1. Considering each residue of region B:253-263, count those that are crowded, with 24+ Cβ neighbours inside 10 Å and not β-branched (Val, Ile, Thr), and give that number.
2. Go through region B:109-128 and report how many residues are within 14 Å of another protein chain (Cβ to nearest Cβ) and part of a loop (DSSP other than H, G, I, E, B).
3. Taking region B:53-106, which residues are within 27 Å of B:Phe239 (Cβ to Cβ), assigned to a loop (DSSP other than H, G, I, E, B) and within 14 Å of chain A (Cβ to nearest Cβ)?
4. Take the residues in region B:462-478 that are surrounded by fewer than 21 Cβ atoms within 10 Å (Cβ to Cβ) and touching a helix residue (DSSP H, G or I) at 6+ places or on another chain (Cβ under 6 Å), then tell me which one is modelled with the lowest pLDDT.
5. Suppose the filter is of a type in the set (Ser, Thr, Tyr), closer than 19 Å to B:Ala136 by Cβ and either out of contact with any helix residue (DSSP H, G or I) (no Cβ under 8 Å at 6 or more places or on another chain) or open to solvent by less than 20 Å² (accessible area, probe 1.4 Å) (or both); does B:Ser333 pass it?
6. Do any strands (runs of 3 or more DSSP E) entirely within region B:326-441 hold 2 or more residues that are closer than 21 Å to B:Ala29 by Cα and in contact (Cβ under 8 Å) with a residue 12 or more places away in the chain, and if so, which?
7. Filter region A:39-54 down to residues that are part of a loop (DSSP other than H, G, I, E, B) and free of Cβ contacts under 8 Å to residues at least 40 places away in the same chain, then give me how many there are.
8. What's the total number of residues in region A:96-120 that are open to solvent by less than 20 Å² (accessible area, probe 1.4 Å) and either more than 8 Å from chain B (Cβ to nearest Cβ) or under 15 Å from B:Ala156 (Cα atoms) (or both)?
Amino acid sequence: MKFFVYRYNPDVDTAPHMQEYDVEVTRGMMLRDALMEIKRQDESFAFRHSCGEGVCGSDAVNANGKNMLGCTTPVVELKEPVNVRPLPGRPVIRDLVVDMSQFYQQYRAVKPYLIHKDPLPEQEILQSPEDRDKLDGLYECIMCGCCSTSCPSFWWNPDKFHGPQALLQAWRFLADSRDQATEERLDDLEGPYKLFRCHTIMNCVESCPKSLNPTKAIGKIKELMLKHSI
Amino acid sequence: MTLARRRFDALIIGAGGAGLNAALQLANANLRVAVVSKVFPTRSHTVAAQGGVNAALANVFEDNWHWHMFDTVKGSDYLGDQDAIEFMCREAIPTVYELEHNGVPFSRLDNGRIYQRAFGGQSQNFGGAQAARTCAAADRTGHAILHTLYQQNIRARTHFFDEYFGVDLIRDDDGAILGALTLEIETGEPLLIEAKTTLLATGGCGQVFRTTSNAHINTGDGMAMALRAGVPLMDMEFFQFHPTGISGRGMLITEGVRGEGGYLVNKDGERFMERYAPNAKDLASRDVVARAIVTEVKEGRGCGPNADHVLLKVDHLGEDIIAKRLPGIRESSQIFAGVDPAVEPIPVFPTAHYVMGGIPTDRLGHVVIPSSDGSEEIVPGLYAAGECACVSVHGANRLGGNSLLDILVFGRAAGQQIIDHLKDSPEHRPMSDAIIEKAVSRLSRWEQEGEGISVRELRDEFRKVMEDHAGVFRTDEIMSEGVEKVKAVREKLKDVRLGDQSKVFNTARIEALELENLIDIGMSIVLSALERKESRGAHSRPDYTERDDVNWLKHSVYFQEGDRLDYKPVQTKPLTVETFPPKPRVY
């Protein structure tokens, strides 16, 4: 199978280029396996990967124009030749490795941690199964970055718009019956950029390898804001 | 050479559950703590833990920590230290509550309490009916815990060095550890981190085997750093093969599947575990189930065109249970085995999963050098916790659900111990250039240019040797050959050359450093295994089929210098309760 892979090493290259590789496809081969095979052929090729089973979120790349996880994408589902590029809109460090710092800063900005103000009980804080169900589809985020780096609003304002990943997490805590910081969380999201740059383009939903729905979460935050402002 | 330097009160290498739980204690105590991780923290392999964390909360059935302790001692095949096991099982309860308070989205029971499921090797009342002791967040418990700990560390303003690789510990002439040399992966520049205390929390080393549930990053870096600093590794022959990896791929299918009611069948459709473990059946200890599967396949009762696996049947649980309790494994089975477990059984075979052995520590997290008379010498300034450490609470076989527990309890204990230590030791010890040189030379070795063997080639050869010679069943012949082959691989390491000498994000250089670590650890595994002439827990020898408590109720201790083995007695005396004396282990 033919692959064209984005190559750029600032130590030696003046400009990026696409390099061609041939990979023999084996049964059950994932895109990550193919990239590992390419690294076998050429040790100077760099990409991030780790768990190989879609939970660590290291190996998000852009293949044939779509963001996806290498380790859960069967190569047979990709049209040949496969064009593999780094996630869009992020500064490239080397080859498929991009600088994700702004993405992580946006995550930190939404206070992605449980804030419980009442005195803590000796045992667990009780939560009904129904309340716990509200966290399904939110807490499973693996922070791979597929969503935010496919979002045109995030491309345009990565410093001001939180982006779908961070906003999904903002809702994960707003939706948690144990969290007691609703007011301050909503206040923090005020303004024209942080939340409201979402124009429901829904690239995030399409690109999420865990089938999560940040657009829906953003809608829920807006609904809650409206309720609180009345 | 002038090295960039930073100074912290405490250095933590590794950002999985153990490292992050320690960091959280330290940061909340307002100490200057640096966490070094070769990947962004939420990529650490704790994220892949599925089934859950054990604690005798008694949310489902009656339970108490003493029963949990009994199961853990028995599960360890009596090689676990009973003082440490008592400590862990007692601490389990407040530890899980603390996690919940920190925000872990545990699944819930109708009364709002944490959901607990049955797991292998668990009993009520010292070997009675099946217990339900494993606290779960669906089948993504590790993910839920790791993310929560990272989140709380953000809140506590822990200082992270993301994508820095730990090269070597810095050890002075008195044997004290003064910090570590690290490598910033993005720039390729070394950074020396001076610290009053250093905690190794680098996780496991499953990458020594070719087929493993472990991630690419699980290369035992901290264990190898310890070895090179003169610290031995303990009980390295005990490597757990998880019974249910996806056949041919190695990805894990949690024991929780069997806890929820799934069971194994051979090609005749027989529930073969009934023959191997009449009472516990599919929920016998992992070593027992893994051996049963390998035996079924060896004796020609395997499934599939190559008769090389057995089947894990789940469909009878029904769509609802599978969707609610096992959504992650359903996804994995569909992606990697091409089957929907709600319809078809999953093809499974044992996969290298977890190292029971590691860096010897006491239950407070101090790294200790044991001697054969049972005394221990603390290595000043050095701590270890999590899979890289050996307290020992798992002995010869770890129970499912006790790994997340181990990393959390002992990560936390090490953090608190470091806080106490820092109160009494406000100064950094002096660091001379000479003692840094050794660590630096580990990096400069890879600057040698010219023709040679590639990292990839030797790595492949080594992992195949380990798979062939240190697997589920081990005879003297297989193991002796294994030792010779690993020695040959170690020799070849000198001829390995790095073709790519660039600096920026050079993953080839990182893989070269990891390969050195893997080989150092591989040697400790094959040598310790060859010498242990008995079958105990995960260490199973067809030429010595029985457990031998007279000669072998002791921990192996491997020193890298001279490839020397020593032994130390098992601590059979618990903290407050009576000893559980060794008994035949039946399930």
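1. Going through region B:253-263 one residue at a time, the tally reaches 5.
2. Within region B:109-128, residues that are within 14 Å of another protein chain (Cβ to nearest Cβ) and part of a loop (DSSP other than H, G, I, E, B) number 6.
3. B:Ala55, the sole residue that qualifies.
4. Only one residue tops the list, namely B:Val472.
5. yes
6. Here the list reads B:376-384.
7. Residues in region A:39-54 being part of a loop (DSSP other than H, G, I, E, B) and free of Cβ contacts under 8 Å to residues at least 40 places away in the same chain: 8 in total.
8. Initial filter on region A:96-120 (open to solvent by less than 20 Å² (accessible area, probe 1.4 Å)): A:96-98, A:100, A:103, A:106-107, A:110, A:112, A:114-115.
If we keep only those that are either more than 8 Å from chain B (Cβ to nearest Cβ) or under 15 Å from B:Ala156 (Cα atoms) (or both) too, we end up with A:96, A:98, A:103, A:106-107, A:110, A:112, A:114-115.
Of the residues in region A:96-120, 9 are open to solvent by less than 20 Å² (accessible area, probe 1.4 Å) and either more than 8 Å from chain B (Cβ to nearest Cβ) or under 15 Å from B:Ala156 (Cα atoms) (or both).
The values are calculated or read from the model by the stated rules, or taken from the named source; none is laboratory data. What you are looking at is a predicted structure, and each value in this text was computed from that prediction instead of being measured. Because the Cβ atoms are built from the backbone with ideal geometry, glycine has one as well, and the counts that use them run over all protein chains shown. Note: areas computed on protein heavy atoms with side chains; ligands, DNA, RNA excluded. Shrake-Rupley method; radii C 1.70, N 1.55, O 1.52, S 1.80 Å.
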